[in-house]
Amino acid sequence: MHVSNPEEISGVRYSSCGTGGVDAGRTTGRARDGSVIGMLLNPAAPTTSTPGLTSGRWAVRAAGSRLLLETKACGFVGVQGRFTSVAGHVDVAADPQASSIRISVATASLTSGNARRDALLDAAGLIDPEAGPYLRFRSVALRCFPSGWEVDGLLGTARGALPLRLALAEPVATEHGVRLRASGTIARSTIDALIARPGAARLLGPSATLDLTVELTSPS
């Protein structure tokens, strides 16, 4: 498996996108104007359900952010892990195509929410310290379709980086700013290549669902 250099990552590219639900499986479609992306990145046209993102750096608020991974352990027992330490930012430029997304997750913050299961996770040694303390995501491209929009990026650690596609839901206004949610599927082979101790990933199912929620605070 080829693992890319984490530095070989470009900024996100935006285009018009139709309103409606997210369809991460779509790879073809005709984009329409008057879109969710347009409302997101055009501060002159925010709505109550889709707040506008003004130009500047929107910082991730740790208290309102988390990364969930759900899979089957040993092929049949459903397990969910939560990474509670999430940082990063979204740089929104006047030219939307110059904007970028960067997210960093501390791998040591993984918890199942259950002390006994956490002890089992520690005993299994799933996370390899040699992979580095952080799991990082950088955007590469944002593709828009009439049914919704998705972001392509690279997920990386000290070992390198691999492609990851996430479907984005419409943003929601919060007391502190804007909440964004992204979801997708990560293959066991990717977990094995990036963060797992040698052989540990075989205890997991063939894939895991990923659910990332970040709360962004507006530029000061």
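The values are calculated or read from the model by the stated rules, or taken from the named source; none is laboratory data. All values reported here derive from a predicted model rather than from experimental measurement. Here Cβ is always computed from backbone atoms with ideal geometry, including for glycine, and neighbour counts include all displayed protein chains.
Looking at the range 154-205 only, could you name the residues that are more than 17 Å from the chain's Cα centre (by Cα) and of a type in the set (V, I, T)?
Scanning the range 154-205 gives a single hit, T174.
Within the range 138-159, does at least one residue satisfy the condition of being touching a Ser or Thr at 6+ places or on another chain (Cβ under 7 Å), surrounded by fewer than 19 Cβ atoms within 10 Å (Cβ to Cβ) and not β-branched (V, I, T)?
No, the range 138-159 contains no residue that is touching a Ser or Thr at 6+ places or on another chain (Cβ under 7 Å), surrounded by fewer than 19 Cβ atoms within 10 Å (Cβ to Cβ) and not β-branched (V, I, T).
Under 8 Å between Cβ atoms, which residue pairs at least 6 apart in sequence (or on different chains) link something in the range 71-95 that is farther than 20 Å from G56 by Cα with a partner that is among the β-branched types (V, I, T) and at pLDDT below 75?
As it stands, the answer is T71/V79; K72/V79; A73/V79, since those pairs meet every condition given.
Is the range 194-205 home to any residue that is under 25 Å from V140 (Cβ atoms), of a type outside the set (A, V, I, L, M, F, W, C) and surrounded by 15 or more Cβ atoms within 10 Å (Cβ to Cβ)?
Within the range 194-205, none of the residues are under 25 Å from V140 (Cβ atoms), of a type outside the set (A, V, I, L, M, F, W, C) and surrounded by 15 or more Cβ atoms within 10 Å (Cβ to Cβ).
For the range 134-148, state whether one or more residues are touching a helix residue (DSSP H, G or I) at 6+ places or on another chain (Cβ under 9 Å), free of Cβ contacts under 8 Å to residues at least 40 places away in the same chain and over 17 Å from D211 (Cβ atoms).
Scanning the range 134-148, I find at least one residue that is touching a helix residue (DSSP H, G or I) at 6+ places or on another chain (Cβ under 9 Å), free of Cβ contacts under 8 Å to residues at least 40 places away in the same chain and over 17 Å from D211 (Cβ atoms), so the answer is yes.
Out of A131, A161, A167, report the one residue that is hydrophobic (A, V, I, L, M, F, W, C) and within 23 Å of G64 (Cα to Cα).
Selected residue: A167, the only one of A131, A161, A167 that is hydrophobic (A, V, I, L, M, F, W, C) and within 23 Å of G64 (Cα to Cα).
Would you be able to tell me the number of residues in the range 167-187 that are outside any strand (DSSP E or B), modelled with pLDDT of 90 or more and either aliphatic (A, V, I, L, M) or in contact with a strand residue (DSSP E or B) (Cβ under 8 Å, 6 or more places away or on another chain) (or both)?
The first filter runs over the range 167-187 and keeps only residues outside any strand (DSSP E or B), leaving 169-171, 174-177.
Then drop every residue that is not modelled with pLDDT of 90 or more, which leaves 174-177.
Right, trim to either aliphatic (A, V, I, L, M) or in contact with a strand residue (DSSP E or B) (Cβ under 8 Å, 6 or more places away or on another chain) (or both) and you get 174, 176-177.
Residues that pass the stated criteria total 3.
Checking the condition among the basic types (K, R), in a strand (DSSP E or B) and within 18 Å of R66 (Cβ to Cβ), which residue from R102, R138, R143 passes?
The match here is R102.
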